[in-house]
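Asker: Just dropping this structure here.
The values are calculated or read from the model by the stated rules, or taken from the named source; none is laboratory data. Remember, it's a predicted structure, so these values are computed and weren't measured experimentally. Cβ placement follows ideal geometry from the backbone for every residue including glycine, while neighbour counts extend to all protein chains displayed.
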Amino acid sequence: MRRRNKKHYSIYIAWILLLLCVIGGLKAGIEESAVGKEQTHSEISIQSRWEELLKSVSEKKNDKKKDQKKSESTEAAQKNIRILLMTDGYKQIVHKELKVSATGGLIIEKTGTREETAENEKITITKEDFGFQNGKIRVTAKDGGEMVVSSIRRGYGNPSYAGILDLYATSEGIVIINELPVESYLCKVVPSEMPASYQKEALKAQAVCARNYAERQMEDYAYPEYQAHVNDSTDYQVYNNSAQQDASTEAVRETAGEVLKYKGNIVTTYYYSTSCGKTTTMKAWGTSENESNGYLQSVEVKDKNGDYEKSLPWYRWEADIDQDILSALLAENVKKNIGTVQSLEVTKTGPGGVALQIKTVGDKGSITVDTENKIRKALGGNGYEIKKQDGTVAQSGTLLPSAFFKVKKAGNIFKIIGGGYGHGIGMSQNGANEMAKKGKNYQEILKMFYPGTTIEK
């Protein structure tokens with residue numbers, strides 16, 4: 001009962017004090033109006049103060065959003081990719097050892113320890129290293145520069161790597177993962193995938209394509225046990241097989257953060273060496289055309305003067321394959337012996353004229369092969385020459401140059417008459433270079449090879 005009375009008294013007192021404040025405020029307002037006095041900070045109305053408070057809160061919220069966007073943008077720009085480094089010739093994923101050095105010295109982080117080396121001091125790490133007992137070994141350059149790995153050889157010699165080298169021990173040796181910002185990664189992908197001597201606009205188109213490809217691959221791990229997104233071979237994009245070049249680096253920097261999108265999504269930008277004057281679609285790989293891959297259409301790589309690549313060596317080519325050699329190649333590649341080949345024909349073609357199916361008949365049976373890659377593999381191998389249209393000759397390889405071809409037979413010789421080099425899907429790199437020579441910019445190049453896409457950051 002006593003508590004309740006005290007509560008009522010407190011309410012009465014509060015109401016009296018509030019009434020006095022209101023009266024005082026009205027009096028001050030009347031006096032200010034009468035003398036025409038300027039309003040000072042202490043005399044601002046309650047409404048004005050609320051307006052200021054709300055404005056302040058709103059500005060803080062906007063500043064927070066701006067800071068958040070800036071942070072997200074910075075985070076995106078600094079996104080790292082992890083690459084599994086393969087052995088010489090890209091033959092294996094496990095190395096016997098790592099030999100590494102850096103101009104400013106190295107930092108080696110092992111289980112519970114941190115070691116440093118002197119300038120240019122070379123160290124060797126094997127699977128027996130004590131630091132592997134409870135996890136990985138991490139190697140970085142002291143000065144933030146690049147590390148020279150002398151136990152690996154690439155096209156230009158011993159490669160150097162920026163960022164981090166994470167080492168994992170296996171029963172057979174060491175797995176090496178290179179982690180670095182994706183933009184730094186691209187600076188060594190672009191010159192490895194396209195000659196730095198190519199036109200700048202072609203290099204910029206390649207940079208965007210390479211960034212798209214990397215972004216899509218970074219959506220998942222190709223090697224989850226090592227948290228690696230890709231390896232450094234042709235399985236993905238060739239990385240660091242050619243030394244970093246100023247022209248390629250400029251192309252990456254001038255297109256920094258730019259990607260191709262189709263219907264709001266980042267797309268996989270396939271590319272290859274040389275077209276036959278046309279590109280093909282995903283049907284070449286046995287994938288039906290749908291909304292997600294609609295940007296990979298069959299397009300004519302030409303302008304009003306004709307095909308852009310018509311003067312290039314691989315634009316047209318032919319190969320004469322002896323009957324016995326062809327029989328042996330098919331038996332090896334398809335793992336079925338049909339005896340001596342009697343006939344070879346393209347039984348199904350797809351967009352752009354690409355072979356989707358071939359049938360081979362021998363004196364002991366027949367073989368049907370479907371899809372671009374399998375067809376090229378079936379007819380590939382050693383034992384014959386490929387004559388390019390400029391008269392130069394190349395030895396046959398693992399794959400037939402392309403699946404854009406027709407077959408003629410003369411006696412015991414099967415003549416393969418083809419065009420282009422590569423799978424034929426997406427951007428022709430030489431086509432892009434020829435377009436750039438004729439004044440096309442990288443946006444125009446990408447628009448032609450990937451219709452319906454937009455370039456966004």
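Asker: If Val301 satisfies all but one of (1) surrounded by fewer than 15 Cβ atoms within 10 Å (Cβ to Cβ); (2) within 30 Å of Val393 (Cα to Cα), what's the number of the condition it fails?
Answerer: (1) is the only condition that Val301 fails.
Asker: Something else about it: Among the residues of the stretch 308-350 satisfying the criterion of being farther than 30 Å from Gly277 by Cα and without any contact (Cβ under 8 Å) to a residue 12 or more places away in the chain, which is surrounded by the fewest Cβ atoms within 10 Å (Cβ to Cβ)?
Answerer: Lys335
Asker: Here is a list of conditions, (1) surrounded by 15 or more Cβ atoms within 10 Å (Cβ to Cβ); (2) closer than 27 Å to Ile425 by Cβ, and Thr392 meets all of them except one; can you say which number that is?
Answerer: (1)
Asker: Among the residues of the stretch 225-270, which ones are more than 21 Å from Ile445 (Cβ to Cβ) and in contact with a Gly (Cβ under 6 Å, 6 or more places away or on another chain)?
Answerer: Hits for the stretch 225-270 are Asn241, Ser242.
Asker: When you go through (1) more than 21 Å from Met194 (Cα to Cα); (2) out of contact with any Asp or Glu (no Cβ under 8 Å at 6 or more places or on another chain) one by one for Met427, which number turns out not to apply?
Answerer: The one condition Met427 does not meet is (1).
Asker: Could I ask something else about it? Pick out the one residue from Thr269, Thr234, Thr287 that is polar (S, T, N, Q), within 13 Å of the chain's Cα centre (by Cα) and surrounded by fewer than 20 Cβ atoms within 10 Å (Cβ to Cβ).
Answerer: That would be Thr234, the only listed residue that is polar (S, T, N, Q), within 13 Å of the chain's Cα centre (by Cα) and surrounded by fewer than 20 Cβ atoms within 10 Å (Cβ to Cβ).
Asker: List the number of the failed condition for Asn120; all other conditions in (1) at negative phi; (2) modelled with pLDDT of 90 or more hold.
Answerer: (1)
Asker: Give Lys377, Lys364, Lys336, Lys359 a once-over and let me know the one that is of a type in the set (Lys, Arg), out of contact with any strand residue (DSSP E or B) (no Cβ under 9 Å at 6 or more places or on another chain) and either at negative phi or in the same structural domain as Lys409 (by TED's automatic domain parsing) (or both).
Answerer: Going through Lys377, Lys364, Lys336, Lys359 in turn, the sole match is Lys364.
Asker: List pairs: first residue in the stretch 128-139 and hydrophobic (A, V, I, L, M, F, W, C), second residue outside any strand (DSSP E or B) anywhere in the structure, Cβ distance under 7 angstrom, at least six positions apart or on different chains.
Answerer: What qualifies is Ile137/Asp129; Ile137/Gly131.
Asker: Now a separate question. Scan the stretch 109-121 and report the pairs whose first residue is closer than 10 Å to Ile137 by Cα and outside the structural domain of Gly135 (by TED's automatic domain parsing) and whose second residue is among the small types (Gly, Ala, Ser) and outside any strand (DSSP E or B), with Cβ atoms within less than 7 Å and a gap of 6+ or a chain change.
Answerer: none
Asker: Something else: Please work out which one of (1) at positive phi; (2) free of Cβ contacts under 8 Å to residues at least 12 places away in the same chain is the condition Lys408 fails and give its number.
Answerer: (1)
Asker: Starting from the stretch 220-234, keep only residues that are farther than 15 Å from Gln92 by Cα, then list their pairs with residues that are among the polar types (S, T, N, Q) and in a loop (DSSP other than H, G, I, E, B) whose Cβ atoms are within a distance under 7 Å, requiring at least 6 positions of separation or different chains.
Answerer: That search, which allows pairs on different chains as well, returns Tyr221/Gln227.
Asker: Which residues, counting only those in the stretch 237-246, are surrounded by fewer than 17 Cβ atoms within 10 Å (Cβ to Cβ) and under 14 Å from Tyr161 (Cβ atoms)?
Answerer: Passing the criteria: only Ala243.
Asker: Here is a further query. Pick from the stretch 370-387 the residues that are surrounded by fewer than 19 Cβ atoms within 10 Å (Cβ to Cβ) and among the charged types (D, E, K, R): which of them is farthest from Leu400 (Cα to Cα)?
Answerer: Asp370
Asker: In the stretch 161-172, which residues are assigned to a strand (DSSP E or B) and touching a residue at least 60 places away in the same chain (Cβ under 8 Å)?
Answerer: Once the filter is applied, which keeps residues that are assigned to a strand (DSSP E or B) and touching a residue at least 60 places away in the same chain (Cβ under 8 Å), the stretch 161-172 yields Tyr161, Leu165, Asp166, Leu167.
Asker: I'm trying to understand the selection: among the residues of the stretch 68-86, which are at pLDDT below 95 and either of a type in the set (Gly, Ala, Ser) or under 23 Å from Leu186 (Cβ atoms) (or both)?
Answerer: Lys70, Ser71, Glu72, Ser73, Thr74, Glu75, Ala76, Ala77, Gln78, Lys79 - these are the residues of the stretch 68-86 that are at pLDDT below 95 and either of a type in the set (Gly, Ala, Ser) or under 23 Å from Leu186 (Cβ atoms) (or both).
Asker: Check the stretch 310-318 and report whether any residue there is in contact with a Cys (Cβ under 7 Å, 6 or more places away or on another chain) and part of a loop (DSSP other than H, G, I, E, B).
Answerer: no
Asker: Out of the residues in the stretch 87-117 that are touching a Gly at 6+ places or on another chain (Cβ under 6 Å) and under 25 Å from Pro224 (Cβ atoms), state the one that is modelled with the lowest pLDDT.
Answerer: Per the stated criteria, the residue is Thr111.
Asker: Out of Ser288, Ser248, I need the residue that is at pLDDT below 95 and more than 19 Å from Thr453 (Cβ to Cβ). Which one?
Answerer: Ser288
Asker: Also, quick follow-up: Tell me, please, whether a residue that is within 21 Å of Ala243 (Cβ to Cβ), touching a Pro at 6+ places or on another chain (Cβ under 9 Å) and crowded, with 21+ Cβ neighbours inside 10 Å can be found in the stretch 81-97.
Answerer: There is at least one residue in the stretch 81-97 that is within 21 Å of Ala243 (Cβ to Cβ), touching a Pro at 6+ places or on another chain (Cβ under 9 Å) and crowded, with 21+ Cβ neighbours inside 10 Å.
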